[in-house]
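No lab work stands behind these numbers, since they all come straight from the coordinates. No experiment lies behind these values; they were computed from the predicted model shown. Because the Cβ atoms are built from the backbone with ideal geometry, glycine has one as well, and the counts that use them run over all protein chains shown.
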Amino acid sequence: MKNFVPVMLTLFVFLAACSSSPSAMAEVFYADRSGFALMGEGADLYVTARVQQVRPILDSLSLGGMTGAELKDFLDMSDTLTAAVYDGESRRFFAAAAGTFPSTRGGLFFSASKDWEKKVSASGLPYWYSEKSRLSVSLGAKNAYLSDGDPFVPAPGAQSPEALAEMQKGAGLSGWMENPALGINRIIAAFGVPIEIPLDRLVFAVYPAGSGMDAAGQYTAALRLETPTTAQAGALVRIFTLAKIGLALTDFNGHRDMETLVRVFFSQNPRQDGNAMVLTTGIMNGRDLALLFNTISVY
């Protein structure tokens, strides 16, 4: 996500300094779409969050060397945030936020700044673009659409993995990562497990652990590691089950981060679901779950 954070911070500067009238054309353009259908196809990472529900996680995420806490003011204004992140030069990201944003004088600010120019997207919708920041913005009182290029995504947008719909029920944070083998295998190697997992995709979801003050900031997570074949998924389940037994006797005193990751990958029994191995965590706090995503992500 290293390319995503600086532009988000840049956006907040403008949100704090000015405001904008709702973009009625944008709302009409996206009238029949929501969620990941607002994102472009072909990204390496897709994520969506109910921002306030998972703030303890977002506040501890490290996004390209910058923490979510540094995006506090922008997150304070957002109810939901959906993003697609690309690991390439031609396209870096799309993002869509819904919330309560300032709603006057924005057009005057952009038009008065020499760093911003008004453009028209391939879809015929106007937006503001800063070459200096490589940031495109369409901003309304309740919605913001952002990108490093044309911020409007033609239909149909990105298609979610089949397994995600069921996993998203009750989730505060969810999404998927294409070709996640590098990040996952880096963690597995640190445990001393002598395998490299042939992963096609990682689908994930994070759930509030319960209600009430005692459960505040507590979560569980599900990780679906999809492999090319059912036989490979079955082999992974057997290997992880054996590794769980061995790691249960390991002393991680003084290595809290490693202990946290072991709790994610090996505290519960893995199960097979077709060509996927599914891991579920016990109850974890937001900081520990942020460590998991920080460690897996290579963006």
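Per-structure values
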{"read-out": "Of the trypsin sites (Lys or Arg not before Pro) in region 164-247, those whose Cβ has at most 14 other Cβ within 10 Å and which sit in DSSP loop", "value": "Lys169"}
{"read-out": "For region 183-197, 3J(HN,Hα) per residue [Karplus equation, 6.51 cos²θ - 1.76 cosθ + 1.60, θ = phi - 60°, Hz, x = Gly/Pro]", "value": "x, 5, 5, 4, 5, 4, 4, 5, 7, x, 8, x, 9, 10, 7"}
{"read-out": "Global form of region 163-299, assessed from the alpha-carbon gyration tensor, a/c cut-off 1.5", "value": "oblate"}
{"read-out": "Asp79 long-range amide H proximity, modeled H, under 5 Å", "value": "Ala98, Gly99, Thr100"}
{"read-out": "Integer Hz, Karplus 6.51/-1.76/1.60 couplings in order for region 115-127, x for Gly and Pro", "value": "7, 10, 10, 7, 10, 10, 6, 4, 8, x, 9, x, 7"}
